[in-house]
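Encoded as structure tokens, the structure appears first; notes follow it.
Values in this text are rule-based calculations from the coordinates and carry no lab data. All of these numbers come straight from a predicted model, not from anything done at the bench. Every residue, glycine as well, gets a Cβ built from its backbone with ideal geometry; the counts of neighbours run over all protein chains shown.
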Amino acid sequence: MSDTKWRVGVIGAGFIVNYAHIPEFQRLDGVEVVAIADLNRARAEELAAARGVPHVYEDYEKMLAEQQPNIVVVATPNIFHQPMAKTALESGANVLLEKPMALTYADAVDIVETAKANDRVLTVGTHYRYAPGSLAARHQADEGFFGHIYAARAVMHRRTGIPGFGSWFTRKELSGGGVLLDLGVHALDCALFLMDFPDPVTVSASSFSAFGPRGLGLGGWGSDINKVTDAAKQFNVDDLTWATIRFADDRVLQFQVAWASHGADQIFTELYGTEGGARIDADEGLKLYEDLNGAPVDIAVPLPNGDGGTYRPLISNFVDYLNGDASAHIITTDQALLSVKIVDAIQRSAETGREVVLG
Ligand SMILES: NC(=O)c1ccc[n+]([C@@H]2O[C@H](COP(=O)([O-])OP(=O)(O)OC[C@H]3O[C@@H](n4cnc5c(N)ncnc54)[C@H](O)[C@@H]3O)[C@@H](O)[C@H]2O)c1
């Protein structure tokens, strides 16, 4: 008799599924990736052959009906997240939904309600918080190193990082937004995680499309990269979004994300507390700042090398949680919804040019 407890069905056969989801599920005991569904059958077949996945479908609902996976990964263009996550949850599966959860806050709430109604576990793919520097800073926060964290800054800027023109990434009707919905949800989750998920009260934001419509700034991690013939028609999303988010207890987050900019590549989160501060930098690791007997001191914190990357803990914690370990560190639906609520307010503020007040 098979000792497989968790049968994983994957919807969407993109690069990230090949690189992260399938191998990370396959390395866990009691877990088997049983099927891949993708409209592009050839792509699914190639991936299934490469990764030893036995079944391939074009129709994900048929996969759900025939294979009855009890874990489903949704990794399709953003517009499909809500209908696919709901259908998977209603079929009885627990769901790892890729980021962003949905195109709107209302749709994200709808998915969460469906998970609750069906008593299933839903989590979201904002895995950057599991980076060693981020976890180490969270540990310092828990131990009181920072005192009260009253300000933070989250930056994810690329110099040339627009995914393919004409791909779904650069069309608002399919993606819901550009860099904000792509890198922005990662930056936000990292900062909120380190700030202990404070309650947002106002959001003031600006968005720009300075590179995309001119056919500039292409970086290319999306698939389906087309030759740029009419960039303006293929690009109707933000390529730089900055925001100031105020929280209920007068704390503030400065948020800056860009797919393309005349500036250096940079990915970091900074924390400013009453007793200490930190900079968590994707390249340089974690540095802590404090005052030692009247002298300013910088501490470079040695970090584990993070073998397996940040998807590994995302997926192993999800499976541990499903196996009954209530202490497993998963990205909860409350945490994910908080991010979507702020993203929604950022979009409204940028569109109207006014501050958005959240209830
Ligand atoms: N967490 C992360 O760091 C991270 C990284 C990359 C991508 N993602 C997310 O994963 C999702 C997919 O991104 P990607 O880069 O793999 O995109 P992609 O375009 O490379 O792949 C998406 C796949 O979905 C398939 N598809 C589209 N509609 C479908 C349908 N109705 N039924 C079945 N298959 C369908 C396409 O044929 C394609 O193969 C996006 O939501 C993206 O934001 C997250």
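Think of the chain as a dipole: +1 on every Lys or Arg Cβ, -1 on every Asp or Glu Cβ, centred on the Cα centre; then among Phe193, Phe80, Leu28, Phe80 lies furthest on the positive end. With angles folded into 0 to 90 degrees, how steeply does helix 105-117 sit against the dominant principal axis of the chain? Use alpha carbons for both and round to 10. Here the helix axis deviates by roughly 60 degrees.
Dividing the convex hull volume of the alpha-carbon atoms in region 6-127 by its residue count gives 89 Å³ per residue. Taking a Cβ cut-off of under 10 Å around Val179, the surrounding Lys, Arg, Asp and Glu residues balance to a net charge of -2, with basic ones at +1 and acidic ones at -1. When the trypsin sites (Lys or Arg not before Pro) in region 276-359 are filtered for DSSP coil states and for at most 14 other beta-carbon atoms within 10 Å of their beta-carbon, the remaining sites are Arg354. Each Lys or Arg adds one and each Asp or Glu subtracts one; over the other residues with Cβ under 14 Å from the Cβ of Leu122, this totals -3. Take the Cα of Val252, step 7 Å toward its Cβ, do the same at Ile299, and the gap between the two points is 2.7 nm.
On the beta carbon distance between Gln68 and Glu173, with R0 = 35 Å, the FRET formula returns roughly 0.60. Dipole magnitude for the chain: computed about the Cα centre from +1 point charges on Lys and Arg Cβ and -1 point charges on Asp and Glu Cβ, it is near 840 debye.
Extending 7 Å from the Cα toward the beta-carbon at both Phe197 and Val109 defines two label points whose distance is 1.7 nm. When the alpha carbon gyration tensor of region 294-353 is reduced to an equivalent ellipsoid, its three semi-axes come out at 29, 26, 12 angstrom, largest first. In plain terms, the chain from Asp291 to Ala151 could stretch by 48.6 nm, reckoned as 0.36 nm per residue minus the Cα-Cα distance.
For region 31-65, applying the loop criterion from DSSP together with a ceiling of 12 other beta carbons within 10 Å to the GluC sites (Glu not before Pro) yields Glu58. Could you tell me how many degrees, from 0 to 90 and to the nearest 10, lie between the Cα long axis of helix 41-51 and the main elongation axis, the longest principal axis, of the Cα atoms of the chain? Relative to the chain, helix 41-51 is tipped by roughly 80 degrees.
Summary value for the chain: 18 percent relative contact order, contacts being C-alpha pairs under 8 angstrom separated by 6+ residues.
Note that the chain shows a convex hull volume over its alpha carbon atoms of 142 Å³ per residue. Between the helical axis of 132-142 and the longest alpha-carbon principal axis of the chain there is an angle of about 60 degrees. Each other residue within a Cβ distance under 9 Å of Glu275 adds +1 if Lys or Arg and -1 if Asp or Glu, for a net charge of -2. Here the chain carries DSSP beta bridges of which approximately 60% are antiparallel, counting only pairs with both residues inside.
For the residue pairs Lys287/Lys341; Lys5/Lys341; Lys172/Lys287; Lys116/Lys341, alpha carbon separations beyond 26 Å are given by Lys287/Lys341; Lys5/Lys341; Lys172/Lys287. Sites listed here are GluC sites (Glu not before Pro) in region 254-344 whose DSSP assignment is loop and whose Cβ has at most 15 other Cβ atoms within 10 Å: Glu275, Glu284. Using bins of 5 Å that start at zero, the share of Cα-Cα pairs per bin across region 62-143 amounts to 3, 16, 23, 19, 13, 10, 9, 4, 1, 0, in whole %. When each of the peptides 14-22, 240-248, 188-196 is scored by the mean number of other C-beta atoms lying within 10 Å of its residues, the order from highest to lowest reads 188-196, 240-248, 14-22.
Ordered by the number of other Cβ atoms lying within 10 Å of each residue's own Cβ, fewest first, Thr352, Thr123 fall into the sequence Thr352, Thr123.
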